[in-house]
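What follows is a single structure, written as structure tokens, with notes after it.
The values are calculated or read from the model by the stated rules, or taken from the named source; none is laboratory data. Since the model is a prediction, treat every value here as computed from it, not as a measurement. Note that each Cβ is placed from the backbone with ideal geometry, even for glycine, and that neighbours are counted across all protein chains shown. Heads up: the accessible areas ignore ligands, DNA and RNA and are worked out on the full protein's heavy atoms, side chains in. Shrake-Rupley method; radii C 1.70, N 1.55, O 1.52, S 1.80 Å.
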Amino acid sequence: MKIHLCDSREEATRSAAALVYQQVAAKPCSVLGWATGGTMDALYSELVLLQQQRPLYWRELVSFNLDEYVGLSTDHPKSYRFYMRHRVFIPLGINEDCTHLLRGDVSDLDDACMAYERAIAEAGGIDFQLLGIGENGHIGFNEPGSSMDSRTRFTRLTLQTIEANQRFFAPGEFQPHTALTMGIKTILEARQIVMLALGAKKSAAVAAMVEGPLSELCPASALQMHPATTLVLDPDAAQSLTQQNNHRRAHPIKDLKA
Ligand code: F6R
């Protein structure tokens, strides 16, 4: 795992956005894995800014999102599909026919998950997977206890995740407690993985992922087995790592605005 410790939240976000931009610049027909969540908000804003300054051609891109809530229609404002359309696909000029998101509103969820795995394989696998991390160490919605061999599937969110995501829902609004997610094995098959983690709330999960044992109790620790993962951290997310000096500036990322 390459670890990139940044001096600020802004630098970390810019660095992770630069890695996405560089991937698409080098290979416009990349197969990209998108994530959602608060951490990705600033990253996607940065990507849209980069696109305004140094336009790239995104229409050849094929993409797969990590996860989707169960029980929300595709046009529901709190669905990840709605979020991706408005925050990423439309602003970047991505061809939506080439975007894939799990459908949490269909009657046969298992079938939807199997079809998703087939679609990833037919696309030739994921070149570049973007990840955030949950406070409990989840990746995608692979909660603690998920098998390292897991594939795309239905899952129940833990109380910790439900509480962490409550901020995205208005009081009294329906908040899904179940989701579909790519599995840990599906994620590990991506050729390159970039994780962005920001803020003190992520520091315990980051330390467990990097310095703890490979354990299903911390799903993100599975990334220890992945040959090409870059972890981009701000100082708060890195604060519980005991070996910070080994990582500082060890793997510089080009700042595209410099
Ligand atoms: C969302 C996802 C989740 C988030 C994680 C962190 O697609 O896969 O694993 O990355 O829950 O969420 P935030 O960034 O809101 O803290």
Practice task
Net charge near Leu198: determine it from the other residues with C-beta under 14 Å of the C-beta of Leu198, scoring Lys and Arg +1 and Asp and Glu -1.
Solution key: -4
Practice task
Classify the range 79-141 as rounded, prolate or oblate from the Cα gyration tensor: take a ≥ b ≥ c as the square roots of its eigenvalues, call it rounded if a/c is under 1.5, otherwise prolate when a/b beats b/c and oblate if not.
Solution key: rounded
Practice task
Taking the Cα centre of the chain as origin, sum charge times position over the Cβ atoms of Lys and Arg (+1) and Asp and Glu (-1), and report the length of that vector in debye to the nearest 20.
Solution key: 660
Completion exercise
Note on the range 1-47: alpha-carbon gyration tensor, axes a ≥ b ≥ c; rule is a/c under 1.5 for rounded, else prolate if a/b larger than b/c, else oblate; result prolate
Exercise for the section: Give the carbon-plus-sulfur fraction of the accessible surface of the chain in %, rounded to a whole number; probe 1.4 Å, heavy atoms of protein chains only. Expected result: 51
Practice task
Kindly rank 45-54, 151-160 from highest to lowest mean number of other beta carbons found within 10 Å of each residue.
Solution key: 151-160, 45-54
Handout entry: the range 2-227 shape via C-alpha gyration tensor axes, a/c threshold 1.5
Key = rounded
Handout entry: Among the listed pairs Lys2/Lys254; Lys185/Lys254; Lys27/Lys185; Lys2/Lys78, those beyond 26 Å (Cα-Cα)
Key = Lys185/Lys254; Lys2/Lys78
Handout entry: Ordering of 101-110, 217-226 by packing [mean C-beta count within 10 Å, highest first]
Key = 217-226, 101-110
Practice task
Report, in debye and to the nearest 20, how large the dipole of the range 153-194 comes out about its Cα centre when Lys and Arg carry +1 and Asp and Glu carry -1 on their Cβ.
Solution key: 200
Fill in the blank from the handout: Out of Val31, His86, Gln51 - ranked by how far each Cα lies towards the positive end of the dipole of the range 24-93, with unit charges on the beta-carbon of charged residues - the top one is Gln51
Handout entry: Surface per residue (accessible, 1.4 Å probe) for the chain, Å²
Key = 43
